[in-house]
1. Within a Cβ distance under 11 Å of Leu331, other residues only, what is the Lys/Arg minus Asp/Glu net charge?
2. Would you mind working out the magnitude of the charge dipole of segment 3-465 relative to its Cα centre, with +1 at each Lys and Arg C-beta and -1 at each Asp and Glu C-beta, to the nearest 20 Debye?
3. Report the net charge of residues surrounding Gly187, where surrounding means a beta-carbon distance below 13 angstrom and charges are Lys +1, Arg +1, Asp -1, Glu -1.
4. Output ³J(HN,Hα) for segment 223-236: one whole-Hz value per residue in order, computed from phi by the Karplus curve 6.51 cos²θ - 1.76 cosθ + 1.60 with θ = phi - 60°, and x for Gly and Pro.
5. Largest first and to the nearest Å, give the Cα extent of segment 33-123 along each principal axis.
6. Pull up all non-local amide H partners of Ser190: gap of 5 or more, or a different chain, and H-to-H distance under 5 Å with H placed in the peptide plane.
7. In segment 359-460, how does Rg compare with the Kirkwood Rh, expressed as the Rg/Rh ratio over alpha carbon atoms?
8. For segment 379-389, take each phi angle, set θ = phi - 60°, evaluate the Karplus expression 6.51 cos²θ - 1.76 cosθ + 1.60, and give the result in whole Hz per residue in order, putting x for glycine and proline.
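Computed from the coordinates by the stated procedures, all read-outs in this text should not be read as laboratory data. These figures come from a predicted structure and were not determined experimentally. Here the Cβ positions follow ideal geometry from the backbone for every residue, glycine too, while neighbour counts run over all protein chains shown.
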Amino acid sequence: MDTQLELASMDATAVQDNYAPVHSEIEADKLVIRGELPRGLQGVLYRNGPNPRFPLPGLHWFGGDGMIHAIAIDNGQASYRNRWVRTPKWRDEDRAGRALFRTFAGKLPDAPAWAGKDGGVANTHIVQHAGQLLALEEGHLPTGIAPRTLETLGYVDFGLPTGPFTAHPKTDPDTGEMVFFGYNATGMLSTGVRVGAIDAGGALRHVQELQTPYCSMIHDFIVTQNHIVLPVLPLTGSLPRARQGGPAYAWEPGKAAMLGVLARGNPAGEVRWFEGPPCYVFHVMNAWEADGRLHADVMMYDEAPLFPHADGSAGNPARQQAYLTRWTLDLSGAGNSFGVERLDDAAGEFPRIDERRNGLPYRHGWFAAADDDGSGELAGIVHADMVTGARDRYAFPDGGVPSEPVFAARGADEGDGWMLTVVWQPETGRSEMQIFEACDIASGPLAAIELPQRVPFGFHGSWVAG
Ligand SMILES: [Fe+2]
């Protein structure tokens, strides 16, 4: 697609402070550790995020080349390594020595003819499935990454002809099946969505294609034991709008929020749509079913952040904060609306759980909390006890900014383990990995691993034990 689509907003231009990329690929061992690493914490925290190699003016945060950061803990010692994901785009730009693509826009008009059309950046998440480490970004197939060297191994297609493939697949804790979806499945800015499942061994079980009421940026979805829910929310994509010089993706509050419910494992099944007031969700904490109802805990915005309105005007920052919110869909009733209940007054993002409770009733959730100053900058971690309603909070001193909190299991019980986050310290310009007791965040970090290189603000990561 060579159509020139320009984002009308520069709000999300991201090359300053800890949004700025790092330019070195390094490895370092025997890192300085403050405090004491917990016995039993053994494995690697992998993180992924945008790290543009050739930043263009106006580059959207979402458009930077993926870079993997790996922090390994082995017998009380810690080491670090980082590598760009060498996507087809990265290799073409490496050869050209300059940027050849623009976010959501395909190749630049003056890109050389030899350059490919694949602008995938593999910059959003990194997960393990069927023994493979996968860098994910929702527009393209997963990219295989070598666990120790972080070498790029190329696309892993699981039998699919192409992407899109979500950066937020859900793994069933009982069967190991990975449920996935992909939007823009029938072309750029289309209403086609693909939904499917890959078994624990990496075999494609089934895949189906369906149409949504309108084209939406569907970043995450909801999976329970028996159902899949696609949140079609009014951060809309429009090819005609983009061709007229407007934004490819924009906030369009005249459209309703539409939640499409499918039965899992039934590719021929119908989609049932539930409707609610306009809102936006990047991330789902967890979801489950009980008594004919489906509950989903999500980080919900009144208005989508990081994107302009359809006329190109900037959004309202006061409405662009996400709050932990419960959606309830009555699957046994005849109605088509869903319930919305705010669960916490702290704005935040990046909700995570002990993934052994994926799609099941659960007790423990964590998210990164925003600063009270309304800036939206992340400044703390919240542990939410979903059963008692209790909250356990930690605010980072000296302006420290956490990444997504990732749970690392210790014992068999839900929540028995540690919470890991990479914290950027603006005063020193350095990053460190901090380790908390997962259900006692308020006591502060048990240990901190000083990293030899800044880790730019990124998106998601996984702890791989062992
Ligand atoms: Fe995400």
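1. Spelling it out: positives minus negatives among the neighbours equals -1.
2. Here the size comes out at about 1200 debye.
3. Result for the local shell: 0.
4. Whole-Hz 3J(HN,Hα) from phi for segment 223-236: 10, 10, 4, 10, 9, 10, 10, 9, x, 9, 10, x, 8, 8.
5. If we take the Cα atoms of segment 33-123, the spans are 55, 24, 17 Å.
6. Asn184
7. Values: Rg = 13.7 Å, Rh = 14.1 Å.
Over the Cα atoms of segment 359-460, Rg/Rh equals 0.97.
8. 9, x, 10, 10, 9, 10, 8, 6, 8, 8, x
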